[in-house]
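The values are calculated or read from the model by the stated rules, or taken from the named source; none is laboratory data. What you see is a predicted model, and the numbers here were worked out from it, not measured in a lab. Every residue, glycine as well, gets a Cβ built from its backbone with ideal geometry; the counts of neighbours run over all protein chains shown. Quick note on the areas: whole protein, heavy atoms, side chains included, nothing else; ligands and nucleic acids left out. Shrake-Rupley method; radii C 1.70, N 1.55, O 1.52, S 1.80 Å.
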Amino acid sequence: MSLDVDYSSGVATGTPKSASKLPLILSVAVTVVSIAIYLLFPHDGLTMAIIGYLLTPIGATLALALGQSLDVSGRRSVWYSPSKGLITALKILAVVGFIIGGLHMWDIATIVAAA
């Protein structure tokens, strides 16, 4: 039994696709805005504390989920070039987001306790 294989045909070529930077950009933007809210606005405003709290833990975690999802779907392609550093940076920003969210939560608790 022999297989007739034509080795003269070349391997299909394609252009390498790299990991999307969009989740990293979103996570950095959300984190910077939340830090700016914490540093620039007075700590007696409940509205800005709630906005800051919702931005960081939720926004950074959603950006991490988007990055993971795009990475998993991209790995289906032979031409995909994964970026481990990108996912690591998103994980770090998610942890930083929870820390900043804790600061906003502390402000919310202080305002509610004073009322």
*asked:* Can you tell me which of (1) under 24 Å from the mean Cα position of the chain (by Cα); (2) modelled with pLDDT under 95; (3) part of a helix (DSSP H, G or I) is the one Ser20 doesn't meet?
replied: (3)
_Of everything in segment 64-80, what is under 18 Å from the mean Cα position of the chain (by Cα) and either within 16 Å of Thr15 (Cβ to Cβ) or of a type in the set (A, V, I, L, M) (or both)? Give them in sequence order._
Leu64, Ala65, Leu66, Leu70, Val72, Gly74
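The rows are residues; the columns are (1) among the aliphatic types (A, V, I, L, M); (2) part of a helix (DSSP H, G or I); (3) open to solvent by 50 Å² or more (accessible area, probe 1.4 Å); (4) in contact (Cβ under 8 Å) with a residue 40 or more places away in the chain.
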| site | (1), (2), (3), (4) |
| --- | --- |
| His43 | no, no, yes, yes |
| Tyr53 | no, yes, yes, yes |
| Ser69 | no, yes, yes, no |
| Arg76 | no, no, yes, no |
| Ala89 | yes, yes, no, yes |
*Can you confirm whether segment 98-109 contains a residue that is in a helix (DSSP H, G or I), acidic (Asp, Glu) and either out of contact with any His (no Cβ under 6 Å at 6 or more places or on another chain) or surrounded by 13 or more Cβ atoms within 10 Å (Cβ to Cβ) (or both)?*
yes
